[in-house]
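Student: Questions regarding the structure given below will be posed in turn.
The values are calculated or read from the model by the stated rules, or taken from the named source; none is laboratory data. Predicted, not measured: the structure shown is a model, and the values here were computed from it. Here the Cβ positions follow ideal geometry from the backbone for every residue, glycine too, while neighbour counts run over all protein chains shown. Quick note on the areas: whole protein, heavy atoms, side chains included, nothing else; ligands and nucleic acids left out. Shrake-Rupley method; radii C 1.70, N 1.55, O 1.52, S 1.80 Å.
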Amino acid sequence: MQKYDHDVIIAGAGIVGAAIAYHLAIAGLRVAVVDATGPAAAATGASDGAVSVASKKPGPMARLANASLLYTRNLAAAGPLAAAFASRPAHIFGTGGAEIAAMDALIEKLSALAGPVRVVGDGPASRLPGIGAVVERLVTLDGEGHMPGHKAVRSYLATPGITQIWPAPVLGFDSDDRGVTLRLTDRSLRAGRLVLALGVSSATLLPGLPILPRSGQLLITDRGPPSELSGALTAAAYLVAKTADAATVPLSPVVLDPLATGQYLIGSSRENGGDPGTVDFATLRTILTRAVAVWPALRQRRVIRAFAGVRAAVSDGLPIVGPISGEGRVFVATGFEGDGICLSALIGRELALMLRGMAPEAGVAADLARLSPSRFAPALLSAGAA
């Protein structure tokens with residue numbers, strides 16, 4: 001009988017990797033989560049925590065987000081996300097024809113999904129006290145959620161049966177018909193299955209992955225009195241940016257998120273390339289200028305931090321989830337580009353089923369198949385060493 005150190009090794013301690021580990025552990029498997037730095041150290045830790053259906057591209061992403069929001073609610077009601085997830089309203093604002101058209105498309109999308117997110121207000125911006133006069137239209141949604149990534153990751157990883165290994169950079173892996181060997185800087189680990197959930201670093205181990213680093217510039221204000229905002233205030237330009245080339249987005253895709261600390265998180269751009277150690281002050285100025293015009297109370301606040309989060313994007317706009325063609329023991333879960341917080345619960349459940357040789361849930365099977373790495377074969381057949 002083949003001897004393994006673990007049944008499954010997950011490379012990457014972001015929210016997607018942690019969710020997969022949780023679902024495997026509660027099924028009784030021995031799981032190890034390996035990370036070069038530690039939990040929620042990259043895109044997960046830099047996210048705004050929105051569990052949002054409204055922001056998703058129509059089609060498979062919106063339908064999967066809808067199913068994941070419902071499942072996340074279940075995990076919060078009686079499970080690991082009780083202290084991490086909370087439902088909250090959301091506000092979408094717009095100025096000008098392109099943003100107004102995007103708001104119409106949003107309402108149509110949510111109506112077709114018939115899910116937990118619904119429109120509870122649509123009209124003049126004056127319905128929201130404190131909003132700037134530059135805003136022409138405001139749509140208010142009920143049923144969206146908020147889940148700080150670092151809280152969710154720590155809750156998932158607290159599950160018995162999960163071994164946590166970091167700091168431990170991954171050098172490469174070798175797969176055969178009996179298992180997978182993961183090579184770290186100081187040791188090697190043997191497992192029956194391997195999951196690569198490393199974000200932009202996944203392409204280092206699988207050069208055939210069409211992963212694109214995409215930056216998002218963000219700002220955090222100082223603390224102040226509790227905000228009058230009950231949920232995030234999102235420009236409809238953010239919806240346009242999900243479906244159009246960045247050059248065609250009419251206005252800055254600002255998201256203004258009130259935090260429980262009395263601070264505001266303000267973001268975010270979508271720039272190809274990027275370095276988490278470098279901020280773009282011209283882009284930050286554009287974001288902040290529109291944020292202040294939309295929410296004038298920001299004039300009374302100071303910016304105390306600016307930073308760049310780097311998301312893993314994919315050339316066709318869909319994440320990559322599933323087994324690598326020709327590598328029956330190696331799976332991948334990457335390329336979520338800011339949608340990982342929302343999709344993590346569902347992807348964790350479904351990939352855990354795949355790893356156990358089980359079929360996906362019928363309601364999401366067709367959309368999940370659209371995310372398969374097989375759409376990029378045979379480019380992915382050259383896997384292994386870094």
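Student: Give the residues of region 214-242 that are at pLDDT 95 or above, over 18 Å from the mean Cα position of the chain (by Cα) and of a type in the set (S, T, Y), sorted by residue number.
Tutor: Within region 214-242, just T221 meets the criteria.
Student: Regarding T163, is this residue assigned to a strand (DSSP E or B) and modelled with pLDDT of 95 or more?
Tutor: Considered against the rule, which asks whether it is assigned to a strand (DSSP E or B) and modelled with pLDDT of 95 or more, T163 comes out as yes.
Student: Which one is surrounded by the most Cβ atoms within 10 Å (Cβ to Cβ), of the residues in region 85-126 that are of a type in the set (V, I, T) and not in a strand (DSSP E or B)?
Tutor: Among them, the one singled out is V117.
Student: Within region 171-185, track down each residue that is among the β-branched types (V, I, T) and either in contact with a Leu (Cβ under 6 Å, 6 or more places away or on another chain) or open to solvent by 60 Å² or more (accessible area, probe 1.4 Å) (or both).
Tutor: Those that are among the β-branched types (V, I, T) and either in contact with a Leu (Cβ under 6 Å, 6 or more places away or on another chain) or open to solvent by 60 Å² or more (accessible area, probe 1.4 Å) (or both): V180, T185.
Student: Out of R223, R305, R301, which single residue is touching a strand residue (DSSP E or B) at 6+ places or on another chain (Cβ under 6 Å), open to solvent by 70 Å² or more (accessible area, probe 1.4 Å), over 30 Å from D7 (Cβ atoms) and in contact (Cβ under 8 Å) with a residue 12 or more places away in the chain?
Tutor: Being touching a strand residue (DSSP E or B) at 6+ places or on another chain (Cβ under 6 Å), open to solvent by 70 Å² or more (accessible area, probe 1.4 Å), over 30 Å from D7 (Cβ atoms) and in contact (Cβ under 8 Å) with a residue 12 or more places away in the chain holds for just one of R223, R305, R301, which is R305.
Student: Moving to a separate point now. Give just the number: which of (1) among the basic types (K, R); (2) more than 18 Å from the chain's Cα centre (by Cα); (3) open to solvent by less than 60 Å² (accessible area, probe 1.4 Å) does R270 not satisfy?
Tutor: So the condition that R270 fails would be (2).
Student: Give the residues of region 12-27 that are touching a strand residue (DSSP E or B) at 6+ places or on another chain (Cβ under 7 Å) and surrounded by fewer than 24 Cβ atoms within 10 Å (Cβ to Cβ), sorted by residue number.
Tutor: Once the filter is applied, which keeps residues that are touching a strand residue (DSSP E or B) at 6+ places or on another chain (Cβ under 7 Å) and surrounded by fewer than 24 Cβ atoms within 10 Å (Cβ to Cβ), region 12-27 yields only A25.
Student: Still on this model: Residues in region 19-74 that are of a type in the set (F, W, Y) and touching a Ser or Thr at 6+ places or on another chain (Cβ under 6 Å): how many?
Tutor: Of the residues in that region, 1 qualify.
Student: Are any residues in region 28-55 hydroxyl-bearing (S, T, Y) and open to solvent by 50 Å² or more (accessible area, probe 1.4 Å), and if so, which ones?
Tutor: T37
Student: Which of the residues that make up region 14-45 are in contact with a Leu (Cβ under 7 Å, 6 or more places away or on another chain) and in a loop (DSSP other than H, G, I, E, B)?
Tutor: Once the filter is applied, which keeps residues that are in contact with a Leu (Cβ under 7 Å, 6 or more places away or on another chain) and in a loop (DSSP other than H, G, I, E, B), region 14-45 yields only P39.
Student: Return a yes/no flag: does region 305-325 have any residue that is more than 13 Å from the chain's Cα centre (by Cα) and in a helix (DSSP H, G or I).
Tutor: The answer is no, given that none of the residues of region 305-325 is more than 13 Å from the chain's Cα centre (by Cα) and in a helix (DSSP H, G or I).
Student: Moving to a separate point now. Does E144 satisfy the criteria of being charged (D, E, K, R) and without any contact (Cβ under 8 Å) to a residue 24 or more places away in the chain?
Tutor: When the stated conditions are applied, E144 does not pass them.
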